[in-house]
Amino acid sequence: MAYPAQPDPTKVVGRRILATLIDVALVVIPAVVLVTASFEYHPIERLDAAGITADEFCDEQIDEGGLCADLSEINDRVYFADGDVSLAPTLLFWGSSLLMLVGLQGLTGWTIGKLLTGIRTVRADGRPPGLLKALVRWLLWAVDGFPYVLPLVGFITALTTVGHRRVGDMAASTYVVRRSAAGAPITVPGLTPPEPPAGQVAGVPWATTAPPGTAQGGPSPSAAPAAAPGPQWDQSRGTYIQWDPGQGAWLQWDEPTRAWTRIPGQ
């Protein structure tokens, strides 16, 4: 059965932005709460009586390695913490970021933000990216997040590239797609290779006639590629196929069950 044509499943940039804001809030807010829990405050009247302005007081605190927040325009208080700030907020920030963006996303394809907005991070075959690819995507936020106050690099590349991939996606060979597109081979107009002639698959050494023990038009058991390619179209079967190094066999996409199955006769 031929895999049906579909609109570009990666056109979800708006939902990606919303999902990122949700994920950032879930990581940053608990860390900020933990930091501010150790804050003390001085009423602005106390500083005035001591002959020091709020700005001067904050400058002194920061010079000594502490933290300071001048909220005198809101509630007439200046909040501060000394230089012995706990490492707990930092550990919470990085730990929760790794847990959600690498662990959870790598194994399931979603973060809390992506789950709520109906999108998934996947490999070319539609499966979750795995821990290694998720780690690469997370590390590349160092590039995509530039200039850090506003992640312009990631936004511009996701908005303008074919497949709507930020730098982290291109490095990890991943896509962010609609939830309904996950689990099946990802077809991106202008990026997915065109269907090759009948009986051939680009880059795959097919037998022109069916060898003993294989299905007609199928790959020879010895036709293992040097490097496992992504899903590729097999015109003779009318579906996608890919080499699975773990099984040492070619798999074909079965649309009715939406699953990869081993090609018979291998």
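The values are calculated or read from the model by the stated rules, or taken from the named source; none is laboratory data. Quick caveat, the model's predicted, so the values are computed rather than measured. As a convention, Cβ positions derive from the backbone with ideal geometry for all residues, glycine included, and neighbour counts pool all protein chains shown.
In the range 146-168, what count of residues is obtained for those that are within 23 Å of LEU107 (Cα to Cα) and free of Cβ contacts under 8 Å to residues at least 60 places away in the same chain?
Here is the first cut: in the range 146-168, the residues within 23 Å of LEU107 (Cα to Cα) are 154, 158, 163-168.
Right, trim to free of Cβ contacts under 8 Å to residues at least 60 places away in the same chain and you get 154, 166-168.
Matching residues across the range 146-168 total 4.
Hey, among LEU99, LEU107, LEU135, LEU150, which residue is among the aliphatic types (A, V, I, L, M) and part of a loop (DSSP other than H, G, I, E, B)? Outline the logic, then answer.
Details: LEU99 fails: part of a loop (DSSP other than H, G, I, E, B); LEU107 fails: part of a loop (DSSP other than H, G, I, E, B); LEU135 fails: part of a loop (DSSP other than H, G, I, E, B).
Answer to the selection: LEU150.
Could you give me the residue pairs with C-beta distances under 7 Å whose first residue belongs to the range 114-125 and is free of Cβ contacts under 8 Å to residues at least 60 places away in the same chain, whose second residue is of a type outside the set (Asp, Glu) and crowded, with 21+ Cβ neighbours inside 10 Å wherever it lies, and which are 6+ apart or on separate chains?
Final answer for the pair search is THR121/GLN105; THR121/GLY109; THR121/LYS114; THR121/PRO129; THR121/THR174; THR121/VAL176.
One residue is enough: does the range 166-187 have a residue meeting the conditions within 25 Å of PRO7 (Cα to Cα), part of a helix (DSSP H, G or I) and modelled with pLDDT under 95?
We begin by selecting, within the range 166-187, every residue within 25 Å of PRO7 (Cα to Cα); these are 166-187.
Remaining after also requiring part of a helix (DSSP H, G or I): 167-172, 179-181.
Restricting the remaining residues to those that are modelled with pLDDT under 95 gives 180-181.
Scanning the range 166-187, I find at least one residue that is within 25 Å of PRO7 (Cα to Cα), part of a helix (DSSP H, G or I) and modelled with pLDDT under 95, so the answer is yes.
Evaluate the range 249-263: report whether one residue or more is touching a Leu at 6+ places or on another chain (Cβ under 9 Å) and either modelled with pLDDT under 80 or surrounded by 15 or more Cβ atoms within 10 Å (Cβ to Cβ) (or both).
Checked against the condition, which is being touching a Leu at 6+ places or on another chain (Cβ under 9 Å) and either modelled with pLDDT under 80 or surrounded by 15 or more Cβ atoms within 10 Å (Cβ to Cβ) (or both), the range 249-263 yields at least one hit.
Looking at (1) without any contact (Cβ under 8 Å) to a residue 24 or more places away in the chain; (2) buried (at least 18 other Cβ atoms within 10 Å of the Cβ), find the lone condition where ARG15 falls short.
(1)
Residue-by-condition table, conditions (1) at pLDDT 95 or above; (2) touching a Pro at 6+ places or on another chain (Cβ under 7 Å); (3) surrounded by fewer than 16 Cβ atoms within 10 Å (Cβ to Cβ):
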{"residue": "LEU87", "(1), (2), (3)": "no, no, yes"}
{"residue": "THR90", "(1), (2), (3)": "no, no, yes"}
{"residue": "SER97", "(1), (2), (3)": "yes, no, no"}
{"residue": "LEU107", "(1), (2), (3)": "yes, yes, yes"}
{"residue": "GLY113", "(1), (2), (3)": "yes, no, no"}
{"residue": "ARG120", "(1), (2), (3)": "yes, no, no"}
{"residue": "PRO129", "(1), (2), (3)": "yes, no, no"}
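Going through the range 141-188 one residue at a time, which ones are of a type in the set (S, T, N, Q), in contact with a Pro (Cβ under 9 Å, 6 or more places away or on another chain) and surrounded by 17 or more Cβ atoms within 10 Å (Cβ to Cβ)?
THR174, THR187
Could you name every one of the helices (runs of 4 or more DSSP H) located completely within the range 37-82 that has at least 2 residues being in contact (Cβ under 8 Å) with a residue 12 or more places away in the chain? Full working, then the answer.
Numbers: elements: 44-49, 54-63, 72-75.
Filter on the range 37-82 gives 44-49, 54-63.
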